[in-house]
Structure formats: structure tokens, C-alpha cells
Amino acid sequence: MSKAWTFGENMNTDEIIPGRYNITIDPLELAKNVFCEVKPEYAKNVQPGDIIVGGQNFGCGSSREHAPIAIKGSQAKCIIAPSFARIFFRNAINIGLPILECPEAVADITEGDDVDVNLATGEIVNQTTGHRFQANALPDFVLRIADAGGIVNFLKSNDIEELMK
């Protein structure tokens, strides 16, 4: 099971990783300061596979990829939110960070809840409350991008001409 870490609405990319730390693109280095100003305990206590639960418009602000890279570097399994800023959504997919939109799950999950997520089916289970939710499942090609570690690795390991058919 995975622990839920909750964040409010309009969480912008500078709150995810302040600009002063964007001197690297190394995921592990960025992860050391992810959410440092809004939830300083996150970077020290997050466990691999934990779940980020955000509010509306998660990832708004700048278009830098540092924010999803920092979250991925923290080894979070995915982000669940009612909606994502479009550029954050695209950057998350490009770097292989799974994201799910499910307002009902977000409304039910509180900080520290045990949450299971099946990325292939979109099923979200709050083990703490016993409630089940259905997000739109990630398309197979998005799961393949995430499994490859991002779009660049995905393209390197696949025949592009075959993908275009």
C-alpha cells in the first residue's frame, strides 16, 4: 500500500520545486527539495510508491520540466488530481510520471491514507475508508512511456516507423 500526501488547489511548479533549485535536472537531486516550502517533511519521509493527491489545476505556473522530474525523483507512484495544468500534464507524460484525474477520489483521500492505484485500469482504492473510485485508465502507450522511464527512452527502445503505423 501507498501513503497519500495531499496538496491544495493551484499547486504551482515553483511550490513543487522552487526555482533556486532548478540548477540541475538530476531527479534525485531535485527530489531532495521537492515541496520544501509547502510540505518540508515530504522529501525526508516519502517512501517509494507513495501517492501525491493534489487539488484542481495541479502543476500550474511555469512550463519547466523540473517539477514533474522532482516528483518522479521522489519515487512517488503517481499523482491523482481533479485536473492538471496542460503543460504539467504533458511534461509528466514525457518524463514518465503517471497522472490520473479523479475528483471523487481526491475528495475522499486525506493525508496519510493508505491508497492503492492500478494505473492500467484506473482503479483507485482508499484502503483506509474502503472506498473505490474509477479514474480514466492511462492509455497503453502512456503506460509504455512510463515503464520506459519517459518518452526519450521509449523512442530509443522502439522502432519509430512501427509506432507511426
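The figures follow:
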item	result
Residues satisfying the stated conditions in the range 41-50, i.e. farther than 16 Å from Gly8 by Cβ and in contact with a strand residue (DSSP E or B) (Cβ under 8 Å, 6 or more places away or on another chain)	Val46, Gln47, Gly49, Asp50
Residue selected from the range 128-139 under the condition at pLDDT 95 or above and outside any strand (DSSP E or B), by the criterion surrounded by the fewest Cβ atoms within 10 Å (Cβ to Cβ)	Gly130
Among the candidates Ala135, Ala146, Ala92, Ala105, residue that is free of Cβ contacts under 8 Å to residues at least 40 places away in the same chain and among the aliphatic types (A, V, I, L, M)	Ala92
Those residues of the range 1-29 which are exposed (fewer than 15 other Cβ atoms within 10 Å of the Cβ) and within 21 Å of Phe84 (Cα to Cα), in sequence order	Gly8, Glu9, Gly19
Matching option when the condition is crowded, with 23+ Cβ neighbours inside 10 Å, more than 12 Å from the chain's Cα centre (by Cα) and not in a loop (DSSP other than H, G, I, E, B), among Val125, Val115	Val115
Residue in the range 140-150 that is farthest from Thr121 (Cα to Cα), counting only those that are surrounded by 16 or more Cβ atoms within 10 Å (Cβ to Cβ) and among the aliphatic types (A, V, I, L, M)	Ala148
Odd one out for Thr24 among (1) in contact with a Phe, Trp or Tyr (Cβ under 9 Å, 6 or more places away or on another chain); (2) free of Cβ contacts under 8 Å to residues at least 12 places away in the same chain; (3) not basic (Lys, Arg)	(1)
Verdict on Gly73 being in contact with a helix residue (DSSP H, G or I) (Cβ under 7 Å, 6 or more places away or on another chain), at positive phi and not hydrophobic (A, V, I, L, M, F, W, C)	no
Qualifying residue in the range 45-53 (condition: touching a Ser or Thr at 6+ places or on another chain (Cβ under 9 Å) and of a type in the set (S, T, N, Q))	yes
The range 50-85 - residue that is touching a Gly at 6+ places or on another chain (Cβ under 8 Å) and part of a helix (DSSP H, G or I) and, of those, farthest from Val125 (Cα to Cα)	Ala67
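Per-residue answers, yes or no, for (1) charged (D, E, K, R); (2) assigned to a loop (DSSP other than H, G, I, E, B):
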site: Ala4; (1), (2): no, no
site: Asp14; (1), (2): yes, no
site: Glu29; (1), (2): yes, no
site: Glu37; (1), (2): yes, yes
site: Gln47; (1), (2): no, yes
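The values are calculated or read from the model by the stated rules, or taken from the named source; none is laboratory data. As the structure is a computational prediction, the values presented were derived from the model and not from experiment. Counting neighbours? That spans all protein chains shown, and the Cβs are built from the backbone with ideal geometry, glycine included.
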